[in-house]
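Trainee: Dumping the structure here so I can ask a few things about it.
The values are calculated or read from the model by the stated rules, or taken from the named source; none is laboratory data. These numbers were taken from a predicted model, which means no experiment stands behind them. Reconstructed Cβ throughout: ideal geometry from the backbone, glycine too, with neighbour counts over all protein chains shown. These accessible areas exclude ligands, DNA and RNA; they are computed on the full protein's heavy atoms, side chains included. Shrake-Rupley method; radii C 1.70, N 1.55, O 1.52, S 1.80 Å.
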Amino acid sequence: MIKTRFSAILLAGLVSVCGVCGCGEKSAGQPQGEREVSGQGTVSLTLWGAEEDAALLEELVAGFTARYAKEAEFDITVEYQGESGCKDALFGTIDDGPDVFTFADDQLRVMVAAGVLAPVKNEAEVLENNIEAACEAASVNGVLYAYPMTADNGYFLYYNKAYLSEEDVKTLDGILRVAAANGKNFAMDWSSGWYLYSFFGETGLLVGLNPDGVSNACNWNAVDTEITGVDVAKGMLAIAQSGALDAAGLFADKVKDGTAIAGVSGVWDSNLVAEVWGENYGAAKLPTYTCGGRQVQMSSFAGYKMVGVNAYSEQGEWAQKLAAFITNEENQTLRFERRGQGPSNIRASASEEIAAAPAIRAILAQSEFSSLQSIGGSYWAPTQNFGELMAAGNPGGRNLQDILDEMVKGITSLY
């Protein structure tokens, strides 16, 4: 794990130049629900965040330190820990872990069950200032356990306008046809169940948590539904056999090496795509694909990133203040400006600049066909195996119903 340390003593000079992050008694960067905390001595805090946010985290720490410089001296350690792996890393070091950490919404319930998340102190203001769906994702049994940070942790279609028109990108058939004609690819990671869901989500076939909150229910192998599991599998095989699918690796790499003219990813790639494709940068909701003799809209998981406070923190009050500060309106706006990530804050997301961003428009258009990820751990390995088998064209010609039955058995088993 990579670590960086910022000291309030070294940052004291920033009080007068803290900019958008805020300074002074009534700064625009003042955290939600501020309460005066009498600070004496040095307050030591550890913050976990994604390594790709390194520069932003430095800016946020400087702003927080400057904002509260009159109340305490701070020794804030930033450790780089990806949001997707936060839970597992946290469980390995709870007592000596971070005071504040960023993570993805699918880890919330397990963290709450384990008792490692402190409920949000200024709950009413956070609920008022952030969109309802993000707050629901950060809550369990009506209690808010994390500060919403982004509302864009989903995926959509990127496309290169030099090759593809708005009409082309309405259907995956159209995208694949143009890509094949130009010796290019459509890039989508089929080894991840997160993306694989897109082929099943709008078919009427279902997957999700059982009432026990641990095991999954799934009928992706159904044979008596309007669209069957075999229909989906056949649709995926047709895509794999088009000659224009690149189903492995990162979409960003395919953009950089010029092999992909369209692909599925999220806002985290928006800055890169804009840089490489320039004025040809396009984004839209996911296309339809041919399934069971009809066009079926591709679905997506909707996701949210949030900030939690360790229930075991020795500086609980200051940890709550730091979490509130880095997720307030001004700093969610700053996150968009620096990283292109869409805010959960209502006022920030309503700004003209954010609403006009192609990636934000695309994820909003896709939201009509997205679902909150509510999946038990046994979902991931079987869907990975299935996706990789379909991407390879089902070598050996195994019976598709047997393959689907095997996947569903794994998804519904106890993790």
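Trainee: Has segment 196-204 got at least one residue that is part of a helix (DSSP H, G or I), closer than 21 Å to V178 by Cβ and open to solvent by less than 30 Å² (accessible area, probe 1.4 Å)?
Mentor: Yes, segment 196-204 contains a residue that is part of a helix (DSSP H, G or I), closer than 21 Å to V178 by Cβ and open to solvent by less than 30 Å² (accessible area, probe 1.4 Å).
Trainee: Looking at segment 178-186, is at least one residue assigned to a loop (DSSP other than H, G, I, E, B) and touching a residue at least 60 places away in the same chain (Cβ under 8 Å)?
Mentor: Among the residues of segment 178-186, at least one is assigned to a loop (DSSP other than H, G, I, E, B) and touching a residue at least 60 places away in the same chain (Cβ under 8 Å), which makes the answer yes.
Trainee: For segment 220-251, enumerate the residues that are open to solvent by 50 Å² or more (accessible area, probe 1.4 Å) and more than 23 Å from G263 (Cβ to Cβ).
Mentor: Passing the criteria: V223, D224, E226.
Trainee: Still on this model: So, restricting to helices (runs of 4 or more DSSP H) that lie completely within segment 63-141, which ones have at least 1 residues that are aliphatic (A, V, I, L, M), touching a Pro at 6+ places or on another chain (Cβ under 8 Å) and within 17 Å of I326 (Cα to Cα)?
Mentor: So the answer is 123-129, 132-137.
Trainee: I've got another one for you. If N394 satisfies all but one of (1) crowded, with 16+ Cβ neighbours inside 10 Å; (2) at pLDDT 95 or above; (3) assigned to a helix (DSSP H, G or I); (4) not acidic (D, E), what's the number of the condition it fails?
Mentor: Of (1) crowded, with 16+ Cβ neighbours inside 10 Å; (2) at pLDDT 95 or above; (3) assigned to a helix (DSSP H, G or I); (4) not acidic (D, E), only one is false for N394: (3).
Trainee: While we're on this one: Every residue in segment 150-177 that is of a type outside the set (A, V, I, L, M, F, W, C), crowded, with 22+ Cβ neighbours inside 10 Å and part of a loop (DSSP other than H, G, I, E, B), please.
Mentor: Within segment 150-177, D152, N153, G154, Y155 qualify.
Trainee: Residues of segment 205-219 being buried (at least 17 other Cβ atoms within 10 Å of the Cβ) and aliphatic (A, V, I, L, M), which ones?
Mentor: Passing the criteria: L205, V207.
Trainee: Of all residues being in a helix (DSSP H, G or I) and open to solvent by 40 Å² or more (accessible area, probe 1.4 Å) in segment 275-306, which is nearest to W190 (Cα to Cα)? Just the residue, please.
Mentor: Among those that are in a helix (DSSP H, G or I) and open to solvent by 40 Å² or more (accessible area, probe 1.4 Å), it is V276.
Trainee: Name the residue that is nearest to A274 (Cα to Cα), counting only residues in segment 352-368 that are out of contact with any helix residue (DSSP H, G or I) (no Cβ under 9 Å at 6 or more places or on another chain) and surrounded by fewer than 17 Cβ atoms within 10 Å (Cβ to Cβ).
Mentor: Only one residue fits best here, namely A356.
Trainee: Does segment 264-272 contain at least one residue that is outside any loop (DSSP other than H, G, I, E, B), under 30 Å from A118 (Cβ atoms) and among the hydrophobic types (A, V, I, L, M, F, W, C)?
Mentor: yes
Trainee: Next question. Would you confirm whether any residue within segment 312-333 is in a strand (DSSP E or B), of a type in the set (V, I, T) and touching a residue at least 60 places away in the same chain (Cβ under 8 Å)?
Mentor: Checking segment 312-333: not a single residue is in a strand (DSSP E or B), of a type in the set (V, I, T) and touching a residue at least 60 places away in the same chain (Cβ under 8 Å).
Trainee: Which of the residues spanning segment 77-88 are farther than 17 Å from L45 by Cβ and open to solvent by 30 Å² or more (accessible area, probe 1.4 Å)?
Mentor: Correct list: G82, S84, K87, D88.
Trainee: Of all residues being small (G, A, S) and surrounded by fewer than 20 Cβ atoms within 10 Å (Cβ to Cβ) in segment 252-265, which is farthest from Y195 (Cα to Cα)? Just the residue, please.
Mentor: Only one residue fits best here, namely G258.
Trainee: Then there is this: Quick check on my filter: what residues within segment 95-118 are of a type in the set (D, E, K, R), at pLDDT 90 or above and under 15 Å from the mean Cα position of the chain (by Cα)?
Mentor: D105
Trainee: Does segment 313-331 include one or more residues that are basic (K, R), at negative phi, within 22 Å of the chain's Cα centre (by Cα) and buried (at least 16 other Cβ atoms within 10 Å of the Cβ)?
Mentor: no
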